[in-house]
Amino acid sequence: MKKKKEIHIAYIIGQLTHGGAERQLFRLVHNLDKFSFKPFVFCLSENIEPYGTLLKEEGVFVLCLERKNNIEPQRVFRLAYLLIKYQIDIVHALLHIGNGYGVLAAMLAGIKTFIPSIRSEEMNRPMHIRITDWLAMRYAKAILANSERGRQVILNQWKINDEKVYVIHNGINIDHYSNKETKTHKNIRMSWIGKPTRAKNIQMMLDVAEMVYRSIQNTEFRIIGPGLSENEFELSDQYKSFVRLMGPRRDVPEILKNTDIFILTSRSEGLPNVIMEAMAAGKPVVATDVGGVSELVQHGKTGYLVPSGDVEKMTEAIMDLIEHPEKREAFGYEGRISIESYFSIEKMVRKTENLYLSIIEN
């Protein structure tokens, strides 16, 4: 067989729908040096909108291994066969499902260059996932975290040699986000972007919105994300006068452009893409201090950090920014500078490529 010129990388992920890890995978593969690396994306379900379709449109190899049950040994064998068939050099797995199937398939295929990633500090997972995570950590040549906090969680949880765990921060294309003031709305607009999961804690967002609205009626809270349209998410009547459900959107840069304050209420996080996007758009952020959020938001400089679940403190922080527009402007300006300086797509991609090369060389 003719010798390959490129390094073949297999990316393994549970789905390619709206989500932070999925978005980062798309940005990485989209910007990868295609002369040196050939990407193969294996999705462990049929859920590939929008990022799977976007990658296919670029000519990237994307293959779905459709899910029928939560645990399917036959998919492990099929994945192992595909890794051999396409002469994969490095298996790069994302999230717990990707890590589990990825490590088992890599071991079966005899591929020793395996890179799992942990992108959240939440470690309370079902037993079978904890077992495959443990195996992935032990088998890995390198382990990726997207924040320093995440790295410490990995080290403390799995007792791994610290030289094995690398931090590569998420990257963003700042040119997609305008920080120019285009305010045509009278109300103060707050935006929240996420999924209606326990980790994202949407109820805290609603409680904060209600407390703010009691004091300042010219406020509007916009909730954006999959499963959050009016016909999908049941919103109590008490919130309907000041909370707007907008569902999943592809015009997030435009939404952020017309936002005054960005809010994040998560119980756990990695390095949130939505905060990076809000800061790139020049918006102040009020967020819970979880995961790698403090590596993005500098308290009192680019936004405010509050304890997870503390509705009163988050309300106070938002009220302060509503009452002081000069702070909103200053925080937004500093936030955009920070993203531009430290969290570009180019830096994320080059660091990942260098990691691939160092693993192959060693």
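The values are calculated or read from the model by the stated rules, or taken from the named source; none is laboratory data. Treat the numbers as computed from the prediction; the structure is a model and nothing was measured. Cβ: placed from backbone, ideal geometry, glycine included. Neighbour counts: every protein chain shown.
If you check GLY100, GLY59 for being over 26 Å from SER344 (Cβ atoms), out of contact with any Phe, Trp or Tyr (no Cβ under 9 Å at 6 or more places or on another chain) and free of Cβ contacts under 8 Å to residues at least 40 places away in the same chain, only one passes: GLY100. Among the residues of segment 1-57, write down those that are among the charged types (D, E, K, R) and part of a loop (DSSP other than H, G, I, E, B). Matches in segment 1-57: LYS2, LYS3, LYS4, LYS5, GLU6, ASP33, LYS34, GLU46, GLU49. Would you say LYS38 is modelled with pLDDT under 95 and of a type in the set (D, E, K, R)? For LYS38, the condition - modelled with pLDDT under 95 and of a type in the set (D, E, K, R) - is not met.
Would you be able to say whether some residue in segment 33-50 is of a type in the set (Gly, Ala, Ser), surrounded by fewer than 17 Cβ atoms within 10 Å (Cβ to Cβ) and closer than 20 Å to LYS351 by Cβ? Yes, that holds for at least one residue. Under the condition of being surrounded by 18 or more Cβ atoms within 10 Å (Cβ to Cβ) and either touching a strand residue (DSSP E or B) at 6+ places or on another chain (Cβ under 9 Å) or at pLDDT below 90 (or both), the residues counted in segment 142-157 number 10. Residues in segment 308-362 that are assigned to a helix (DSSP H, G or I), of a type in the set (Ser, Thr, Tyr) and buried (at least 17 other Cβ atoms within 10 Å of the Cβ): THR315, SER338, THR352, TYR356. For segment 247-257, the candidate set comprises residues that are surrounded by 18 or more Cβ atoms within 10 Å (Cβ to Cβ) and touching a helix residue (DSSP H, G or I) at 6+ places or on another chain (Cβ under 9 Å); within that set, the residue that is farthest from PRO50 (Cα to Cα) is LEU256.
Across segment 183-200, the qualifying residues are those that are hydroxyl-bearing (Ser, Thr, Tyr) and not in a strand (DSSP E or B), and the one among them that is modelled with the lowest pLDDT is THR184.
Taken over segment 295-311, the criterion of being touching a Pro at 6+ places or on another chain (Cβ under 9 Å) and not β-branched (Val, Ile, Thr) is satisfied by LEU296, GLY303, TYR304. Just wondering, is there one or more residues in segment 76-98 that are over 25 Å from SER120 (Cα atoms), in contact with a helix residue (DSSP H, G or I) (Cβ under 7 Å, 6 or more places away or on another chain) and part of a loop (DSSP other than H, G, I, E, B)? Checked segment 76-98: at least one residue is over 25 Å from SER120 (Cα atoms), in contact with a helix residue (DSSP H, G or I) (Cβ under 7 Å, 6 or more places away or on another chain) and part of a loop (DSSP other than H, G, I, E, B).
Within segment 233-248, residues that are on the phi > 0 side of the Ramachandran plot and assigned by TED's automatic domain parsing to the domain that holds GLN203 have Cβ atoms under 7 Å from residues that are at pLDDT below 95 and of a type in the set (Lys, Arg) in no pair, counting only partners at least 6 apart in sequence or on another chain.
The number of residues in segment 2-32 that are without any contact (Cβ under 8 Å) to a residue 40 or more places away in the chain and surrounded by fewer than 19 Cβ atoms within 10 Å (Cβ to Cβ) comes to 5. Screening GLU230, GLU269, GLU277 for residues that are more than 20 Å from PHE331 (Cβ to Cβ) and either surrounded by fewer than 23 Cβ atoms within 10 Å (Cβ to Cβ) or touching a helix residue (DSSP H, G or I) at 6+ places or on another chain (Cβ under 7 Å) (or both) leaves exactly one candidate, GLU230. Of all residues in segment 166-220, those satisfying the criterion of being of a type in the set (D, E, K, R), within 25 Å of the chain's Cα centre (by Cα) and over 29 Å from SER341 (Cβ atoms) are LYS195, ARG198, ASP207.
For segment 17-35, the tally of residues that are in contact with a Pro (Cβ under 8 Å, 6 or more places away or on another chain) and at pLDDT 95 or above stands at 2. Considering segment 49-72, the residues that are farther than 11 Å from HIS30 by Cα and among the hydrophobic types (A, V, I, L, M, F, W, C) include one that is farthest from the chain's Cα centre (by Cα), namely ILE71.
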